[in-house]
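Bear in mind that the values in this text are calculations on the coordinates, not laboratory data. For clarity, every value in this text was computed on a predicted model and none was experimentally measured. FYI the Cβ positions are ideal-geometry reconstructions off the backbone, even for glycines, and counts take in every protein chain you see.
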Amino acid sequence: MSQPSDFNTELQALISLLDEPDQQAFAKVREHICVYGPGAVPLLEQAWENSFDELMQQRIENIIHDIQFEKLYQDLHAWSHLSYKDPLEGFILFTRYHYPHLDEEEIKGLVFKLNRDAWLELNDNLTPLEKIKVLNHIFFDIYKFKCVPYQNVEMRHLFLNNLLETRTGNSHSLGMLYSLIARQLNLPVYGLILPGEKFVMAWVNETLPAPDGQKQISFYINPQNKGGVFTKNEIKSLFRRVKIKIEDSVFQPMNDVAIIDRFFALLGFLYLQSGDPEKNNEIDLLRSALL
């Protein structure tokens, strides 16, 4: 949608002043441009392409980043306070931090195709385990998604667009995609994160009462083992062998806001490891939008 001509004229006049050497005057120009919000980004990008001034280009890049960051903060806050929080929307918002020009419609189209292919193979007469077997077949045999070992996790493995393009992710990204597809198919599969940042999924038996708010779990699903199914006792046995004591509460599914928060926390940790503490500070701000 094109902007009114007076909008463009006023904004272009402000952008032309971005080479202002006086810092106070520049700060006022920057403030006025930021008021225009995301609508200013196309003209700013055009000005960047037409400029040969390194200082002006850097200032434009910083302003674009600030505008996109503020919009993402607002969108995360709005999403986290909706009564129904679409997990796909949350995953897209997380990915937008690293890819602000993300083609969201393309992403949704790819997810819809995956959803449709799984839906065609499912029927209501299947048991829960049979339904997971079908979903595993679509995910890991037909689409050939694969999960990298936790120790090999890189930033790129976290983002939804990279996951859909390369079919390679970590347990967090692959598990999040798996669980949101399952729920689109009305399968009660929810994510949780075990000690050591191990993302798994739980099939919640929604026909049984939940005493003390504890959901009844039929079984767990491991995205690092091509959707292999295991029980709570098997998890406990594993952690006993490595002498880690865990509370029963960790076996309960997490809500999607908490999961997206952990995604940001892991991303911040990876930025710190790569020597970029400024990015980690930004991520702390975005996490505050989820509160």
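Taking Lys and Arg as +1 and Asp and Glu as -1, the other residues whose beta-carbon sits under 14 Å from that of residue 228 total +2. The charge dipole of the chain, taken about its Cα centre with unit charges on the Cβ atoms of Lys, Arg (+1), Asp and Glu (-1) only, comes to about 2020 debye. For chymotrypsin sites (Phe, Trp or Tyr not before Pro), the sites in the range 1-65 that DSSP calls loop and that have at most 10 other Cβ atoms within 10 Å are 52.
Using a/c under 1.5 as the rounded threshold, could you call the chain rounded, prolate or oblate? The axes a ≥ b ≥ c are square roots of the C-alpha gyration tensor eigenvalues, and prolate needs a/b larger than b/c, oblate otherwise. It comes out prolate by the Cα gyration axes. Where Lys and Arg each count +1 and Asp and Glu each count -1, what net charge lies around residue 171 among other residues with Cβ under 13 Å from its Cβ? Taking every Cβ under 13 Å from that of residue 171, the sum is +3. GNM on the chain, C-alpha springs below 10 Å: top fluctuator among 168, 207, 127? Between 168, 207, 127, it is 207 that shows the largest mean-square fluctuation. Protection proxy ranking, highest mean first, for peptides 136-146, 170-180: 170-180, 136-146, where packing is the per-residue count of other beta-carbon atoms within 10 Å, averaged. Note on the chain: GNM, Cα springs under 10 Å; of 113, 133, 198, the largest mean-square fluctuation is that of 113. What is the helix-to-structure angle for 171-184, meaning the angle in degrees between its Cα long axis and the longest Cα principal axis of the chain, kept from 0 to 90 and rounded to the nearest 10? Between the helix axis and the principal axis of the chain, the angle is about 80 degrees.
Highest mobility in the GNM of the chain, judged by mean-square fluctuation with C-alpha springs under 10 Å and restricted to 253, 87, 149, is found for 149. Between the alpha-carbon centres of the range 146-183 and the range 9-83 there is a gap of 32 Å.
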